[in-house]
Amino acid sequence: MDTGEKLEMIGRKILTVSRNELYLKMRFLDVALSSLAFVMDVGADGLGTDGLFLYYHPQYLGGLYREDRIRVNRLYLHLVLHGIFHHITRRKGRKERLYSLACDIAAESIIDGMQYRCVLAGRSLLRRETYGRLHKELKVLSADKVYRVLYGLGLSEEETFRLEAEFRIDDHSYWPKEEEKKKQEEIENRWQDVSEQMETEMETFSEEMSSGAGDFIGQLRVENRERFDYRQFLRKFSVLREETAVDEDSFDYVFYTYGLSLYGNLPLVEPLEWKETQKVEEFAVVIDTSMSCSGELVKKFLEETYDVLSENNSFFCKVNIHVIQCDDRVQTDRKITSGEELREYMENLELRGEGGTDFRPAFVYVEELMRRHVFGQLKGLIYFTDGKGIYPGKMPPFETAFVFLEEDYEDMDVPPWAIKLVLSEDELNRGGCHGY
């Protein structure tokens, strides 16, 4: 056996020992810990992963193991967490260096919150200060949220370097580039299955499995929410009808252009002036104006919704949208028929209420509007709230979505007939949101 083979064998043994130590304390990680095949790479900067393989520099790994076995365990777990929380595949146009730092901080915060001896280590002053600073603005230190805060802080080069020196412990050069769509999809699918299975196991055996895992399950729930395009979500409320437009698929361009060439200005076939289109025409938006919902969150939700409503290809020129404010009773109802009216409403928004939260009056009110034929083809209702209220006892005759903003989100059980949608400001700005 030559030197290279010996180094590879030793490296694999070290990683196997580390994996077994982690497994004995964290049984819920069994599939995740075994998801990375070991590959020796003398070009690696320590250890790294692309979501499929774990690459290791043999001399670095051996030296780290002799120095401190716990650091090897933490590094192994750090790499696995990058896969579980989809850090490797969800940069989505963010600044690469800052995003990598945010992912490392998110992963290390989970490990630092664990109470298992195999990964237990003291926190430096910089770590304590960083976590404290982030927790002032965030409930959960997910990579997306940490990135947003770091970006807003406008870190200097010196500050960025200090944080990287503290939190960057693995090699991210193996992460696929954004243009490598096929590889990203393969990695995403593999870890989505692992994450969902792990969440199920942790919730089923929560007390036994999660007692020392800190906020691991909380972050896992956030990451496992299915991604939706907000525009696609609103199109669930669309209807099919005719509108004035050229239907380019309804006639033959050959005869049309032949007539123009033969007679000069007389086409043989005229384009149809009406076209069937699938767009949003009617729906209701209910704003929870109770004291538990802050005005800033309500305005943020309406601003994001307005951006979608303003798209010409999503909504008819004339619409019938009712924006209803409600706490424990209906406070106001503003009918919106055009983009201009919606913009005017936004500019002069005044919230009324601040009582308790009861969802039932809004549903009774909307059903009464339907009986009075104020709505012709109401497809759905969107209710923006923090979820802390009294839900209707029966399913309404229209689709319903209860919408939460991620910054103020706590896991709430909505009725089985309703959609739960959690809007992330970061994702929504790029046309997506979380929901399930």
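Laboratory data are not the source of any read-out in this text; all were calculated from the coordinates shown. None of these values were measured; they are calculated from a predicted model. FYI the Cβ positions are ideal-geometry reconstructions off the backbone, even for glycines, and counts take in every protein chain you see.
Annotations
- Quarter of the Cα convex hull surface for segment 60-159, i.e. its orientation-mean projected area (nm²): 7.3 nm²
- Each residue, residue 92 and residue 27, gets one label point 7 Å from its Cα in the Cβ direction; the gap between the two is 3.6 nm.
- A simple rule links phi to the HN-Hα coupling: the Karplus curve 6.51 cos²θ - 1.76 cosθ + 1.60 with θ = phi - 60°, which for segment 111-125 gives 5, 5, x, 7, 10, 8, 4, 5, 10, 6, 8, x, 9, 6, 4 Hz, with x for Gly and Pro.
- Highest-first arrangement of 334-343, 109-118, where packing means the average Cβ count within 10 Å: 109-118, 334-343
- Dipole magnitude of segment 3-224, debye to nearest 20 (Cβ charges: Lys/Arg +1, Asp/Glu -1, about Cα centre): 380 debye
- Dividing the mean sequence gap of close Cα pairs (under 8 Å, 6+ apart) by how many residues segment 3-224 holds gives a relative contact order of 26 percent.
- On the basis of the beta-carbon distance and an R0 of 35 Å, residue 394 and residue 334 show a calculated FRET efficiency of 0.85.
- Prolate/oblate/rounded call for segment 3-224, Cα gyration tensor, a/c under 1.5 rounded: rounded
- Point-to-point label distance, residue 6-residue 348, nm (Cα→Cβ direction, 7 Å offset): 8.4 nm
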